[in-house]
Amino acid sequence: MESLKPLTDFFSAIEKDYRISTTHIAIYAALLQFRYVRGSGNPIEVFRRELAPIAKISSRYTYHKCLRELDEYGYLHYEPSFKKTRASRIYFFDFEIRKMIEQ
């Protein structure tokens, strides 16, 4: 199942990372679902109002905090737009390449 590989790679990457919470996982899974439905582009452009319901997150603060942390921890690259009419950009990393670099 090639479509599950990004999620499987993410779970392998976070296995020993105590900083990752269920909210981070929900956002990442929602991002992958959003990406899959939109045609697997990289980066994706997404508005909070589109993604938060998929991740079951109602708080703006929690949404933005978790995305910033996923960026800070190296699981994706987040470019917020700070504008209501322009979507934020999310870049996904290839965990296979990342694993090879870390070794």
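Dividing the helix sum by the residues of the chain, where each DSSP H run of 4 or more adds -39500 (n - 2.57), gives a mean residue ellipticity at 222 nm of -16500 deg cm²/dmol.
Relative contact order for the chain: what is it in percent, counting Cα pairs under 8 Å that are at least 6 residues apart? Walk me through the numbers on the way to the answer.
Values: 88 pairs, mean separation 28.1, N = 103.
That works out to 27 percent.
Restricting the chymotrypsin sites (Phe, Trp or Tyr not before Pro) of the range 1-78 to loop positions (DSSP other than H, G, I, E, B) with no more than 15 neighbouring Cβ atoms within 10 Å leaves TYR18, PHE47, TYR73. Rounded to the nearest 10 degrees, what's the angle between the helix 22-38 long axis and the longest principal axis of the chain, both from Cα atoms, 0 to 90? Taking the Cα atoms of the chain, the angle to 22-38 is about 80 degrees.
Rounded to the nearest 10 degrees, the inclination of helix 60-72 to the longest alpha-carbon principal axis of the chain is 30 degrees.
Angle of helix 5-14 to the longest C-alpha principal axis of the chain, folded into 0 to 90 degrees and rounded to 10: 80°. For LYS56, the lysines whose Cα falls under 28 Å of its own Cα, not counting residues fewer than eight places away in the same chain, are LYS5, LYS16, LYS65, LYS83, LYS84.
If you run the Gaussian network model on the chain, springs between alpha carbon atoms under 10 Å, then out of GLU15, GLU79, GLU45 the most flexible one is GLU15.
Comparing the range 1-74 with the 2.2 N^0.38 Å rule of thumb, its C-alpha radius of gyration ratio is 1.07 (two decimals).
Bear in mind these aren't lab numbers, they're just calculated from the coordinates by the rules spelled out. As the structure is a prediction and not an experimental result, all values here were calculated from the model. Neighbour counts run over all protein chains shown; Cβ positions are idealised from the backbone, glycine included.
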